[in-house]
Amino acid sequence: MIHSQGKHAFTSGAIARARAQVTVAADRLSCNPEEMRQMQREVADVLAKYLELDGDICKIRLDIVCRTDRGVQDVKTIQIK
Amino acid sequence: MSEVIVITSGKGGVGKTTSTANIGAGLARLNKKVVLVDTDIGLRNLDVVMGLENRIIYNLVDVVEGNCRVKQALIRDKHYPNLYLLPSAQTRDKSAVSPEQMRKLADSLAPMFDYIILDCPAGIEQGFRNAIAAANRALVVTTPEVSAIRDADRIIGLLEVAGIRKIDLLVNRIRMDMVRRGEMMSVEDVLDILAVSLIGAVPDDEGIVIASNHGEPVVGNDTIAGQAFLNIARRLLGETVPLADLESGGTLLQRMAALFRRK
């Protein structure tokens, strides 16, 4: 854990960890990369409906965090940055 | 009551067969009566890893089809008199056995052994279905690689659906020097992503290659991997064995022994 954060933030171990996390979450939620992009576009549309947003400045990053403990239902969190 | 443990991974080449041979040898060393069943029909490996390839007369398919009695097909290990192998067939394919037949086979072995360990083939097709059908406990082997972790997660999901309650993770081929440099995921990283309990971590040790060249287990010799596998066997028996020593690259004594061996 120590190695994946802080001073080693960009080591290949940290990259592997991030990739594994995203891949596993996508598998568990059966959400493919294309659907992910579509969701990003739709979220952008919703935001643009209420806020004055300039598409060039505003970037949406979706991090899907999915935790499964055995026997307990998935908890899904979507962070928009 | 014997315990039927399936050793599986999804991805190939992560060390299922090596783990099966060494955990089996570990349990036998701890005075348990153990049978290892190679369920990879068509790609027979476990016999070679154990150095028993020249002693095979009958195999799993022969037993299932009733060509021989189960006792005739069992091969006694060279080192441990209470360790046996039921080899797989080399000339048939996965469809030669059904999940129901595997269950019956495990039932027929149960009165004779404390532990029945099933070496599962890679993949999630029939070979996997056959192997897990008889199991009441699973060890999922993974390495600290993205692809292996992804497959392990999928396997854990399938095992849960199949109703296997006890699922433990074995992180294989960890290199502590790389973890320290931040160039490899740590055991904690892997556990964080997969959210299952850990049964043990095994370092990437050249002793494993050397031992399997000879067709012998590493359990029982003074390699770090050998110690790790013996500890896993202890944990399977319910003992509490701390992980810490092995994760820091072995106890001082083991590190010194390793140092002298290299010279």
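Residues that are assigned to a strand (DSSP E or B), open to solvent by less than 20 Å² (accessible area, probe 1.4 Å) and more than 11 Å from chain A (Cβ to nearest Cβ): does the stretch B:183-199 have at least one?
Yes, some residue in the stretch B:183-199 is assigned to a strand (DSSP E or B), open to solvent by less than 20 Å² (accessible area, probe 1.4 Å) and more than 11 Å from chain A (Cβ to nearest Cβ).
Restricting attention to the stretch B:18-70, which residues are more than 16 Å from the chain's Cα centre (by Cα), more than 21 Å from B:Ala134 (Cα to Cα) and outside any loop (DSSP other than H, G, I, E, B)?
B:Glu53, B:Asn54, B:Arg55
Would you point out which residue out of A:Arg37, A:Arg41, A:Arg19 is at pLDDT below 80 and open to solvent by 40 Å² or more (accessible area, probe 1.4 Å)?
Values: A:Arg41 fails: at pLDDT below 80; A:Arg19 fails: at pLDDT below 80.
Result of the check over A:Arg37, A:Arg41, A:Arg19: A:Arg37.
B:Ser2 fails exactly one of the following numbered conditions: (1) crowded, with 18+ Cβ neighbours inside 10 Å; (2) more than 14 Å from B:Asp119 (Cβ to Cβ); (3) in contact with a Lys or Arg (Cβ under 9 Å, 6 or more places away or on another chain); (4) at pLDDT 95 or above. What is the number of that condition?
It is condition (4) that B:Ser2 fails.
Could you list, in sequence order, all residues of the stretch B:55-86 that are hydroxyl-bearing (Ser, Thr, Tyr) and over 16 Å from B:Asp40 (Cα atoms)?
Those that are hydroxyl-bearing (Ser, Thr, Tyr) and over 16 Å from B:Asp40 (Cα atoms): B:Tyr80, B:Tyr84.
If B:Glu239 satisfies every condition in (1) outside any loop (DSSP other than H, G, I, E, B); (2) at pLDDT 90 or above; (3) surrounded by fewer than 15 Cβ atoms within 10 Å (Cβ to Cβ) but one, which is the exception?
Answer for B:Glu239: the failing condition is (1).
So B:Ile124 passes all but one of these: (1) within 19 Å of B:Val202 (Cα to Cα); (2) more than 11 Å from chain A (Cβ to nearest Cβ); (3) in a loop (DSSP other than H, G, I, E, B). Which condition number does it fail?
Answer for B:Ile124: the failing condition is (1).
I need every pair where a residue in the stretch B:66-78 that is closer than 23 Å to B:Gly215 by Cα and of a type in the set (A, V, I, L, M) has its Cβ under 7 Å from the Cβ of a residue that is open to solvent by less than 20 Å² (accessible area, probe 1.4 Å) and outside any strand (DSSP E or B), sequence separation at least 6 or different chains.
Partner pairs satisfying both residue conditions: B:Ile75/B:Leu52; B:Ile75/B:Pro87.
Take B:Gln101 and tell me if it is part of a loop (DSSP other than H, G, I, E, B) and either open to solvent by 20 Å² or more (accessible area, probe 1.4 Å) or of a type in the set (D, E, K, R) (or both).
Considered against the rule, which asks whether it is part of a loop (DSSP other than H, G, I, E, B) and either open to solvent by 20 Å² or more (accessible area, probe 1.4 Å) or of a type in the set (D, E, K, R) (or both), B:Gln101 comes out as no.
Would you say B:Val171 is more than 14 Å from chain A (Cβ to nearest Cβ) and either touching a residue at least 24 places away in the same chain (Cβ under 8 Å) or in a helix (DSSP H, G or I) (or both)?
no
What number of residues in the stretch B:129-168 are under 23 Å from B:Lys104 (Cβ atoms), within 14 Å of another protein chain (Cβ to nearest Cβ) and over 15 Å from the mean Cα position of the chain (by Cα)?
Residues meeting the conditions: 8.
Select, from A:Thr68, A:Thr77, A:Thr11, the only residue that is open to solvent by less than 90 Å² (accessible area, probe 1.4 Å) and at pLDDT 80 or above.
Just a single option satisfies the conditions, and that option is A:Thr11.
The values are calculated or read from the model by the stated rules, or taken from the named source; none is laboratory data. As the structure is a prediction and not an experimental result, all values here were calculated from the model. A quick note on method: Cβ atoms are made from the backbone with ideal geometry, for glycine too, and the neighbour counts reach across all protein chains shown. In case anyone asks, the SASA skips ligands and DNA or RNA and just uses the protein heavy atoms, side chains included. Shrake-Rupley method; radii C 1.70, N 1.55, O 1.52, S 1.80 Å.
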